[in-house]
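Everything on this sheet refers to the single structure shown next.
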């Protein structure tokens, strides 16, 4: 787990959260007040699994309208890089080619 904290201005908050929702390794987003109190905790994998994002983004927009800046805590899981697009081994490549070559030989 990799946790990063960044200061985000209110006018930029909604766009930054939308960017983070598209990143494959982000697991959780915590928006905190400048004193460190949690305002909202967004569980990103559950949002990707079919929950509509509109209510969550509306809440983020409301927070952005009220505060001039917030602390954004982003929890990332580095183990997902391999699943999403990490480098493959030669053995995995050879197995993939064995599956694909017969298809191309037909044409």
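The values are calculated or read from the model by the stated rules, or taken from the named source; none is laboratory data. Keep in mind that what you see is a predicted model, and the values were worked out from it rather than measured. Positions of Cβ are generated from backbone atoms using ideal geometry, with glycine treated the same way; all protein chains shown enter the neighbour counts.
In segment 1-24, what count of residues is obtained for those that are in a helix (DSSP H, G or I), under 19 Å from residue 66 (Cα atoms) and touching a strand residue (DSSP E or B) at 6+ places or on another chain (Cβ under 8 Å)?
Counting residues in segment 1-24 that are in a helix (DSSP H, G or I), under 19 Å from residue 66 (Cα atoms) and touching a strand residue (DSSP E or B) at 6+ places or on another chain (Cβ under 8 Å) gives 4.
Just so you know, in segment 34-54 the residues that are under 14 Å from residue 69 (Cα atoms), modelled with pLDDT of 90 or more and out of contact with any helix residue (DSSP H, G or I) (no Cβ under 9 Å at 6 or more places or on another chain) include one that is surrounded by the fewest Cβ atoms within 10 Å (Cβ to Cβ), and it is 37.
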